[in-house]
Amino acid sequence: MSDSDSEEGPDRQLKLVVLGDGTCGKTSLATRFAQETFGKQYKQTIGLDFFLKRIILPGNLNVTLQVWDVGGQTIGGKMLDKYIYGAQGILLVYDITNCQSFENLEDWYNVVKKVTEESETQPLVALVGNKIDLEHMRTVKVDKHQRFCQENNFSSHFVSAKTGDSVFLCFQRIAADILGIKLNKAEMEQSQPPSCQ
Ligand SMILES: Nc1nc2c(ncn2[C@@H]2O[C@H](COP(=O)(O)OP(=O)(O)OP(=O)(O)O)[C@@H](O)[C@H]2O)c(=O)[nH]1
């Protein structure tokens with residue numbers, strides 16, 4: 001074993017759970033991040049989908065992100081608590097052109113709070129406004145988004161799963177925040193550029 005091998009610790013694994021209403025773009029976000037693809041055709045997620053992606057954070061830290069893509073219809077169902085359990089990060093996703101998907105995040109967040117209230121460590125929660133390629137159709141004001149973040153101490157993200165805009169950065173920032181790693185400007189700018197389709 002070389003010196004550099006022995007210095008390298010094992011990969012860190014983080015469980016990230018993606019929640020939000022049906023059609024807000026959770027599967028698209030996960031596939032854009034993990035597979036760098038986007039499908040225009042809507043295919044409802046039944047229950048749960050699961051993606052893995054390894055990223056490297058500053059300090060040569062290898063992190064494997066387990067992305068749990070939870071179907072929008074699972075709210076109120078028996079399995080949702082189990083999916084959320086043990087998450088280090090929660091992505092609350094809404095569609096910026098769909099007010100209802102934003103309003104309903106309150107319900108999703110209530111489930112998260114209920115599941116995690118007795119945990120020793122609380123997950124990091126990120127508010128993710130998706131479909132920013134449809135800015136001209138935005139119905140959820142940025143102010144509202146920011147207020148929701150401030151009131152609950154969420155990190156704030158705007159992305160487009162369609163163009164890839166800020167998707168890698170979103171996951172990278174969440175992973176870095178969970179692990180207490182500060183990203184500098186250059187590292188954030190190095191994030192993969194959007195590949196327009
Ligand atoms: N314009 C645009 N469309 C998007 C974007 N993200 C997703 N979509 C479209 O929105 C629809 C729903 O996307 P999904 O990713 O399947 O939504 P979901 O949240 O996983 O839905 P459920 O499986 O029902 O929970 C699809 O037709 C996608 O192509 C985006 O960033 N921009």
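Each reported figure results from applying straightforward, stated rules to the coordinates on display, with no laboratory input. None of these values were measured; they are calculated from a predicted model. Note that each Cβ is placed from the backbone with ideal geometry, even for glycine, and that neighbours are counted across all protein chains shown.
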Give the angle, between 0 and 90 degrees and rounded to the nearest 10, that separates the Cα long axis of helix 142-152 from the longest principal axis of the Cα atoms of the chain.
60
What is the helix-to-structure angle for 26-35, meaning the angle in degrees between its Cα long axis and the longest Cα principal axis of the chain, kept from 0 to 90 and rounded to the nearest 10?
30
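Can you say what percent of the DSSP beta bridges in region 12-189, counting only those with both residues inside, are antiparallel? Round to 5. Could the numbers behind the result be given before it?
Details: 10 of 32 bridges.
That works out to approximately 30 percent antiparallel.
Of the cross-linked pairs 78/182; 78/144; 26/82; 40/113, which ones have a Cα-Cα span greater than 28 Å in the structure shown?
On the way: 78/182 37 Å; 78/144 31 Å; 26/82 18 Å; 40/113 33 Å.
Checking Cα-Cα distances, 78/182; 78/144; 40/113 exceed 28 Å.
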Between 55, 77, 152, whose Cα lies farthest towards the positive end of the dipole of region 1-153 when Lys and Arg beta carbons carry +1 and Asp and Glu beta carbons carry -1, centred on the Cα centre?
77
Do any chymotrypsin sites (Phe, Trp or Tyr not before Pro) in region 14-73 lie in a loop, going by DSSP, with at most 15 other beta-carbon atoms within 10 Å of their beta carbon, and if so which?
42
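For the peptides 73-81, 172-180, 154-162, 19-27, what is the packing order when you average, over each peptide's residues, the other Cβ atoms within 10 Å and list the highest mean first?
19-27, 154-162, 172-180, 73-81
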By its C-alpha gyration tensor, with a ≥ b ≥ c as the square roots of the eigenvalues, how is region 47-103 shaped: rounded for a/c under 1.5, else prolate for a/b larger than b/c, else oblate?
oblate
Which shape class, rounded, prolate or oblate, goes with region 33-76 when its Cα gyration tensor gives a ≥ b ≥ c as root eigenvalues, a/c under 1.5 marks rounded, and past that a/b bigger than b/c marks prolate?
oblate
Using θ = phi - 60° and the Karplus form 6.51 cos²θ - 1.76 cosθ + 1.60, what ³J(HN,Hα) does each residue of region 156-161 get, whole Hz, x for Gly and Pro?
10, 9, 10, 9, 10, 5
Here, GluC sites (Glu not before Pro) of region 102-151 satisfying both criteria (DSSP loop; at most 11 other Cβ within 10 Å) are 117, 118, 120
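Name the shape class, rounded, prolate or oblate, that the alpha-carbon gyration tensor gives for region 12-189, where a ≥ b ≥ c are the square roots of its eigenvalues, rounded holds for a/c under 1.5, and otherwise prolate holds if a/b is larger than b/c and oblate otherwise.
On the way: a/c = 1.27, a/b = 1.09, b/c = 1.17.
It comes out rounded by the Cα gyration axes.
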Taking placed amide H atoms and a strict 5 Å upper bound, the residues 5 or more places from residue 13 or on another chain that come that close are 64
Hz values of 3J(HN,Hα) by residue in region 110-119 - Karplus curve (6.51, -1.76, 1.60), Gly and Pro given as x:
4, 5, 4, 4, 4, 5, 9, 4, 9, 6
For every helix of n ≥ 4 consecutive DSSP H residues, a contribution of -39,500 (n - 2.57) applies; sum these over the chain, divide by its total residues, and give [θ] at 222 nm rounded to the nearest 500 deg cm²/dmol.
-9000 deg cm²/dmol
For residue 124, residues with placed amide H under 5 Å, excluding near neighbours
89, 90
Enter the angle in degrees (range 0 to 90, nearest 10) between the Cα long axis of helix 167-179 and the first principal axis of the Cα atoms of the chain, meaning the one along which they spread out most.
60
Check residue 162: other-chain or 5+ apart residues with amide H under 5 Å from its amide H, H built from backbone geometry?
131
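Within 10 Å of each residue's Cβ, count the other Cβ atoms and sort 167, 142, 112 from fewest upward. Before the final figure, lay out the partial values.
Values: 167 27, 142 12, 112 21.
Ranked by crowding around the Cβ, least crowded first: 142, 112, 167.
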